[in-house]
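Quick notes on the structure that follows.
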Amino acid sequence: MNKKMKIGIDKMAFATTNNYIDLRELAKVRGDEPDKYTIGIGQDQQAVVPPTQDIVTLGAAAADKLLTSEDRQRISTVILATESGIDNSKASAIYVKHLLGLSDFVRTVELKEACYSATAGIQFARGIVALNPQETVLVIAADIARYGLSTPGEVTQGAGAVAMLISQDPHVLALGQTSVSLTKDIMDFWRPLYATEAMVDGKYSTNVYIDFFKQTLTRYQQLTGRRLDDFTAILFHLPFTKMGKKALEAVLGERNDATAQRLRQALTASQVYSRQVGNLYTGSLYLGLMSYLQNGAVKAGDRLGLFSYGSGAEGEFYTGVVQPAFAANLSNVQSDLKKRQQVSIEDYEIAFNDQLGMNSADIQFDLSNDPAKFVLAGQKNHQRIYQRNDK
Ligand code: HMG
């Protein structure tokens, strides 16, 4: 690979569902203090998923926002990173490729490792582009975070997808050469094949997350000689926004100098969208990146640190440099979030229980309440039926 070739994120777009709940209302119904949710956990709203939405429809919606006809010609590979798979064999990327109308001459694959896999997707895409600089890779991070009604994890649910084009001469973020990955066999969060909700050792998972962040950051610093002062921001996987604060404070300690203040302000800017959507699992780090780029004091040339974490567990610390045209190559997340409708806790619970899940029966969903461009219309003969919704 030509060492001078810049490879990275060329464009980014986000999609979530049309409905959300206010977490203060959920707190009241669950008998909790609203401040526990909004301050203690750091979440204000949560995406509500109708049965007509899943990782395929969300992933297609995000990707559809960023593809020009020229992009469509250049895409050689579609990588869909998820832990909310809809089939144990067939890659969800194939359905997405079909909904997007991409050429049949593309490679399509699904990746899994909890909330980490989109980062693996980006690193694999980077390898493809390094070998074939004329190619573009579409990486989609799509998930539905489900813990169950009235569980401690409920307040940290969420849903959505971030789509990214990885190419040479990227417009958003040029990736740094050095990255540090760390993998250990740890049972902090998992979902057996027979379960539709995650199993989690919540407090333990937050400690493992912080430990992985410290270990990967320290090793990165040893390898590169860079210090915290060299970063304008450190972006985190945000299962709930307080998690990023816990991790950042674990390395800042008592520091309150210019670097510490800058990193704390950057963290706040990166949390704006996650606060309104919830955990996207593997897309959360990248929604945080979009949030920072659209709400932070960002300029071209800034070096960002990114910490990716997936339970099980795997972490990676890597970096990127902001490119001059970043602002024009991001979808308008705030405007999309404003278009959503708030629903009652009762309606959220109905939607939660209406998911297709493990149901094997034929079913046709009522599409009248879902304005999304791509919908899951139902299931027939054990096959999911997706369609474009042109109303
Ligand atoms: P919990 O037991 O309900 O909450 O579970 P708590 O009692 O620990 O309270 C949470 C915070 O609210 C505490 O602050 C309280 O002090 C505070 P902290 O000590 O943590 O700083 N609090 C209040 N603050 C203000 N006013 C009040 C008030 N009351 C309490 N009145 C837990 C919390 C996060 C464990 C739970 O929600 C959970 O299990 N979530 C799911 C697991 C998770 O998100 N883990 C994160 C790390 S693992 C990860 O990121 C990977 C993951 O995304 C999955 C994947 O990789 O695929 C999860």
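Mean Kyte-Doolittle hydropathy of -1.0 or higher plus an axial Cα length of 15 Å or more: which whole DSSP H helices in the chain meet both? Each step should come with its number before you reach the end.
Values: long enough: 55-66 (17 Å, 1.25); 117-131 (21 Å, 1.11); 202-224 (33 Å, -0.69); 241-252 (17 Å, 0.08); 258-271 (20 Å, -0.49); 284-295 (16 Å, 0.46).
Helices meeting the criterion: 55-66, 117-131, 202-224, 241-252, 258-271, 284-295.
Within the listed set A142, A313, A198, the residue fluctuating most in the Gaussian network model of the chain (springs between alpha-carbon atoms under 10 angstrom) is A198.
At 222 nm, what helix-only mean residue ellipticity would the chain give, in deg cm²/dmol to the nearest 500, using -39500 (n - 2.57) for each DSSP H run of four or more? Spell out each step's value before the answer.
Details: 12 runs with 130 residues, N = 391.
Rounded to the nearest 500, it is -10000 deg cm²/dmol.
Under unit Cβ charges (Lys, Arg +1; Asp, Glu -1), what dipole magnitude, rounded to 20 debye, does the chain have relative to its Cα centre?
On the way: 41 positive and 42 negative charges, 235 e Å.
Dipole of the chain, to the nearest 20 debye: 1140 debye.
Springs between Cα atoms under 10 Å define the GNM used for the chain, and in it the highest mean-square fluctuation of M12, M358, M243 occurs at M358.
Packing order of peptides 364-370, 38-44, 92-98, highest average first: 92-98, 38-44, 364-370 (average count of other Cβ atoms within 10 Å over each peptide's residues).
Residue farthest toward the positive end of the dipole of segment 174-326, with Cβ of Lys/Arg at +1 and Asp/Glu at -1: which of M199, T282, A250? Working it through, the farthest residue towards the positive pole turns out to be A250. Non-local lysine pairs in segment 174-326, meaning eight or more places apart or on different chains, with alpha-carbon distances under 25 Å, amount to 13. When the chain is treated as a GNM with alpha-carbon contacts under 10 Å, the residue of N256, N353, N132 showing the greatest mean-square fluctuation is N256.
Taking every DSSP beta bridge that has both ends in the chain, the antiparallel portion is near 70%.
Rounded to the nearest 20 debye, the dipole magnitude of segment 174-326 is 320 debye, with +1 charges on Lys and Arg beta carbons, -1 on Asp and Glu beta carbons, and the Cα centre as origin. Accessible surface of segment 89-174, 1.4 Å probe: 56 percent of it comes from carbon and sulfur atoms.
Taking every DSSP beta bridge that has both ends in segment 219-319, the antiparallel portion is near 60%.
Annotation: lysines with alpha-carbon distance below 26 angstrom to K90 (same-chain offsets under eight excluded): K65, K112, K373, K380. Using alpha carbons only, how many angstrom separate the centre of segment 272-349 from the centre of segment 157-198? Cα centroid to Cα centroid, the span is 12 Å.
The values are calculated or read from the model by the stated rules, or taken from the named source; none is laboratory data. In this text the structure is predicted, and so the values were computed from the model without any measurement. Neighbour counts run over all protein chains shown; Cβ positions are idealised from the backbone, glycine included. Ligands, DNA and RNA are excluded from the accessible area calculation, which covers all protein heavy atoms including side chains. Shrake-Rupley method; radii C 1.70, N 1.55, O 1.52, S 1.80 Å.
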